[in-house]
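Working notes, structure below.
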Amino acid sequence: MLILALFFMEFSFAQNSTVIDTSNVDYREKLAQYYDSQTSKTETRINEIEDKKIRKQFLINYTDKTVAFKELINKGVFVEHNSFTNLCNEILTKINASNPTQKLEDIKILLAVSDEVNAYNCGEGLIVVDLPLIYKMDNEYELAYVIAHEISHQKLDHVYQSMMKHNWQNNSEELKKKTDEIDQQKYNKSSLASGLFKKIVYTNREESRKLEHQADSLGYILFRNAYPDYESYSVETLRKLKWIDEEKEALTKEDFLHFFEVSNTKFKDEWLVSEIAIYNYQKNAKFWNIDSLRTHPDCDTRISFLKENFKIQEKNKSVDVANFNLQKINSDKEFVFGLYFLEEYGKSLYYTLLKSKKNPKEEFFKKMIYDNLIKLRDARNNYTLNKYLENEKPKFPEDYNQFLCLIRNLRKNELTQIIEFYK
Amino acid sequence: MKKISLLIALFFCTTFFGQVTKLSALSSSKFLDSKILYEEDNENIYGYLLLFEKDKVNANESLFELVLLDKNLNKVGSTSFAQEVYNSWLIKLSSSIYFAKKNKDNLFIAIGQSNPMVESLIDRMIEDKGTSAFRVLNLKDFTISQNYFIKDYKFQLQTEKLDMQHPSKVMKEMQNMRFTKLTTNGGFIVSDLDYKSSMNESIAAFYPGAAKMKVNRQKEFYYFDSDFQQKWVYKINQEEKSKSFYKYNYFVNNRNDLVFIKKFYKKENDNIPDLSFDVVDVATGAKKFEISMANTAYSYVFENLQFLDNKIIVFASVYDFNDKGEYRYDKKRGYVKQVYDRQTGKQLSEDFLKWDAFAGKLDIDEDGKIKDYGFIHFLEFRCDKDGKTIVVAEGYKPNANTKILDLFTFVLDEKMKLLGFNKIDKFKNQIDNIFAYGSSLENMGTFDYMYSQNLPGGGYVFYYSDNEKVGYKSKKDPKWILGVITYVDGVFDFQKVPLTTKNGQIYPIKAKNGYILLKEVSNDDNNKDSEIRLEKINY
């Protein structure tokens, strides 16, 4: 891990640019200590629960959660970023200062290397913002609204309360009675259990959607108080979130030819042939009602909710994005390196190709192509390629499926020649 | 055709979220069975079919779910249906997929009940099992039909539920139902024998040593197209009083040719019936020609038949006759390759590979015995378009406790001349209390060689297990290894994939051409998570 980070720094320094440092052991240790101190507060709280059974179950679930989070810390997923760490802290300070009654001093923002575009509150006063989310933001106000929304989840104690609720639910006498009744049935047991199970899951999801509205409301207030002239960025951000997962760029056959037809290796059309087309994938989900399963209301509903409740006028003060964009200048490189760090070599290579297409002279991307191909070749030699390269799926964009097919369809000697080319 | 046995059942029950664990468990479907689905060519994998029991509706009816996965393990779709089941405290039966075959936009699927032990034995013995009832799953919309039964040589949709509370009535009704096997082109061969007799005949056809059951002589079989329309009838054994008779079994279908294994019994208890193959025109039912294994100089024991462009190629072991006119397992002279014109049936060539071809490589005598070693048995024949044949063989030492030895690969030219030779060292398994020779050991599934596939873009891959077999004289903690041999552009490459991990075990499962499924299972009782990976063969 250290070597990777150093290599990246070497490149980055050469271009005098911002870096992410995944090898900062000091930061990791301090964060782990901080997390321990925060979790001990929650544990004290859990230990105050009167019901012994609930308390015990809650502690088990909570320990599972904290162990998983500590693993992320130790893995180096949370990083300090030369620009964004400061930016997020400035936003937090501003929100805090503008909302003195809310007492937000205990809140800390963590930046995460991730392949997802997401932000979440994990309790313990911690807000996690995935770096790719920041890369997708157009200005600091959008980022500020996301942070305000997550702060609200923390202020409203949603994580703790949800865990508590689920523990009560799982241990309720009523549910136990109903479950035992079903268990005693000789026939149609599964249908009866499925019916009740679905009802519980749907109710929980409905509750979850309500919590999102609550966080949107408080988040809006925190945000408006901090940025009174930019209140409409609340709805603007939600509008952006609707499409944030969609990749605007794609690789064409010509791009694949450009990247993979090297000196001795002739590009073959059959490399790109996907097997998805031979199946008629069933579209309607049979068991679950997908709408009822959503944890979040859809973005249009959230926008309407905010607009109706807060009479938001969609008129934004003009924003100077030059400084924000300057901070994002290395985001493409950071993104593909982040994926490489997470050992998502297939994704890292795919996005490297996309970024390299946009910026063909950038040597860093050529190096990332090489490094990812080396990792993929090693995995292939060890029969573990599938751990690092996804399989084609009907839900993936066509060009990504083609990319996945191509990497797998390359013969050993072809892959070697391509690697040699990028060496 | 030999059954290519899977090492383990493929998949297991789906799981739901963990909040309400018991309820989730109660609502989960129970995994019953899985089958690999092949394309119409019987070579390429189309996907995987999983069978679940969703619920027990009543004592004699269950609600089943079929889930189809594509060759990359994505879910394509699912469908549910209720079907009668037989319930008894006396005998434990389990529902399974008897067969599943794809034909264009349909899957023909037979779901039945059997004793799992018996079923797994039959599974090992014959790949293309027949059925007397099947459903049709539409691959476009995932609707599934009621069961089709074949009564009075007509395909009839089930209209009434079977009376499972009175099994004798059902059995009686079953006697009127005919047995069918699906051909590769989506047609149906329907026999005039009942289900049980037909199954027994199928096993006996491929395994000479299988227990014989006296059955009525088969007089005819019918051919129906994929729309269930009768096309022709093939008559056999029409002379009632004749002592001699024939037994026919569907063997393979390629393009317009149907091939039947035909055995001629000179008398009722003929231990060595004459073996031949009838090649029949699928459109008309007319016999095109016959390929006979009879030979006056040697005894030919059939090993393999394959189509290559406009030729039919047959491989057989060559034995000397003994005094009784029977062949001796320990006196194998080598192998013969016969090539026939596919249109006329004319024999174009007959070439031998005798053991002296291995002089300088093996200290082998004319009976095939290698000094201080044992014998070699050929397990795979892959005929290339350039005339070469790639052979995979395995060494063995017949003894009171027979030993399975090394793996061999040979390349033979068009005339069976040895061009290439490789000996691959692997784990030597010992089979206690079994004294047997090549064919018998192959039928018992004791060899370590698994199967072969075409590689996309040309070439072949061969798989074998290189570890101690479970259930034999096994150590406590054997290291499992999957042997992978590729033959691409005339060059062999030998790889060994470790199947024992730090925390558990990896089970190899047959996958689409050029790939292997690896199911990784943890030994940790507290964390039994497993993952299935589709891994590319490294060639």
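Using only atoms on other chains, find how many Cβ atoms lie within 10 Å of each Cβ of peptide A:181-193 and report the average.
On the way: counts 0, 4, 4, 0, 2, 3, 8, 6, 4, 12, 6, 4, 9.
The shielding value for this peptide is 5.
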## Note on the structure
Nearest-0.05 FRET efficiency for A:Trp288 and B:Asp384 at R0 = 56 Å, using Cβ-Cβ distance, is 0.65
### Query
Using a basic spin-label model with each label point 7 Å from the Cα along Cα→Cβ, how many nm lie between B:Ser244 and B:Asn176?
3.8
### Leading residue at positive end of dipole, chain A (Cβ point charges), from A:His149, A:Cys299, A:Ile221
A:Cys299
### Task
Please report, in debye to the nearest 20, how large the charge dipole of the protein assembly as shown is about its Cα centre when each Lys and Arg carries +1 at its beta carbon and each Asp and Glu carries -1 there.
2300
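Over 56 Å apart: what share of the alpha carbon pairs of the protein assembly as shown falls there, rounded to a whole percent?
Counting pairs separated by more than 56 Å, the tail of P(r) holds 26 percent.
Give me a single rounded figure for A:273-280: the average over its residues of other chain Cβ atoms within 10 Å of their Cβ.
So the per-residue partner count for this stretch is 5.
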### Task
Counting other beta carbons within 10 Å of each Cβ, put A:Cys405, A:Cys299 in order, fewest first.
A:Cys299, A:Cys405
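Quick one: which of B:Lys469/B:Lys496; B:Lys56/B:Lys181; B:Lys354/B:Lys415; A:Lys56/A:Lys210 span more than 20 angstrom between C-alpha atoms? The partial results should precede the final answer.
Working: B:Lys469/B:Lys496 16 Å; B:Lys56/B:Lys181 30 Å; B:Lys354/B:Lys415 12 Å; A:Lys56/A:Lys210 28 Å.
In this structure, B:Lys56/B:Lys181; A:Lys56/A:Lys210 exceed 20 Å between Cα atoms.
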### Message
Modelling each spin label as a point 7 Å along the Cα-to-Cβ direction, I'd like the B:Asp141/A:Ala250 distance in nm, to one decimal.
### Response
3.0
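Scaled to the compact-protein estimate 2.2 N^0.38 Å, what is the alpha-carbon radius of gyration of chain A, rounded to two decimal places?
Details: Rg = 24.4 Å, N = 423, 2.2 N^0.38 = 21.9 Å.
Dividing the Cα Rg of chain A by 2.2 N^0.38 Å gives 1.11.
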#### Entry: MRE, 222 nm, helices only [DSSP H, n ≥ 4, -39500 (n - 2.57), over the protein assembly as shown, to nearest 500]
-10500 deg cm²/dmol
### Query
How crowded by other chains is B:63-74, given as the mean number of beta carbons from other chains within 10 Å of each beta carbon?
4
### Task
Go through B:Lys35/B:Lys104; A:Lys266/A:Lys347; A:Lys328/A:Lys387; B:Lys331/B:Lys428; A:Lys177/B:Lys30; B:Lys129/B:Lys262 and tell me which ones have a Cα-Cα distance over 28 Å in this structure.
A:Lys328/A:Lys387
#### Entry: Partners for B:Lys426 among aspartates and glutamates (Cα-Cα distance below 14 Å; same-chain residues under 8 apart left out)
B:Glu394, B:Asp406, B:Asp448, B:Asp466, B:Glu468
### Query
For B:Trp89 and B:Asn422, what is the calculated FRET efficiency with R₀ set at 45 Å and r taken between the beta-carbons, to the nearest 0.05?
0.20
### Query
Put +1 on the Cβ of each Lys and Arg and -1 on the Cβ of each Asp and Glu in chain B; which of B:Leu49, B:Gly285, B:Thr131 then has its Cα farthest toward the positive end of the dipole?
B:Thr131
#### Entry: Top positive-direction residue, dipole computed over chain A with Cβ charges, set A:Leu31, A:Tyr160, A:Ser331
A:Tyr160
### Query
Nearest 20 debye, what's the magnitude of the dipole of the stretch B:385-455 about its Cα centre given +1 on Lys and Arg Cβ and -1 on Asp and Glu Cβ?
160
### Summary
Of B:172-178, A:395-401, A:74-80, ordering from highest average Cβ density within 10 Å down gives A:74-80, A:395-401, B:172-178
#### Entry: Centroid-to-centroid separation of the stretch B:133-196 and the stretch A:345-423 [C-alpha atoms, Å]
50
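Would you list A:His158, A:His153, B:His166 from fewest to most Cβ contacts within 10 Å? Walk me through the numbers before you get to the answer.
Working: A:His158 18, A:His153 23, B:His166 10.
The fewest-first ordering by Cβ neighbours comes to B:His166, A:His158, A:His153.
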### Query
Given the stretch A:259-343 reduced to its alpha-carbon atoms as identical point scatterers, what log10 I(q)/I(0) does the Debye formula return at q = 0.10, 0.14, 0.15, 0.23 Å⁻¹?
-0.78, -1.10, -1.09, -1.08
### Query
Once both labels are modelled 7 Å past Cα along the beta-carbon direction, what's the A:Lys387-A:Ser318 spacing in nm?
5.4
### Task
Run the dipole for the stretch B:452-539 about the Cα centre, Lys and Arg Cβ at +1, Asp and Glu Cβ at -1, nothing else charged, and hand back the magnitude in debye, nearest 20.
220
### Message
Counting C-alpha atoms alone, how compact is the stretch B:452-539: give Rg to one decimal and Dmax as a whole number, in angstrom.
### Response
14.5, 48
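Values in this text are rule-based calculations from the coordinates and carry no lab data. It should be emphasised that the depicted structure is a prediction, and the values quoted were computed from it without experimental measurement. Here the Cβ is made from the backbone with ideal geometry for all residues, glycine too, and neighbour counts use every protein chain on show.
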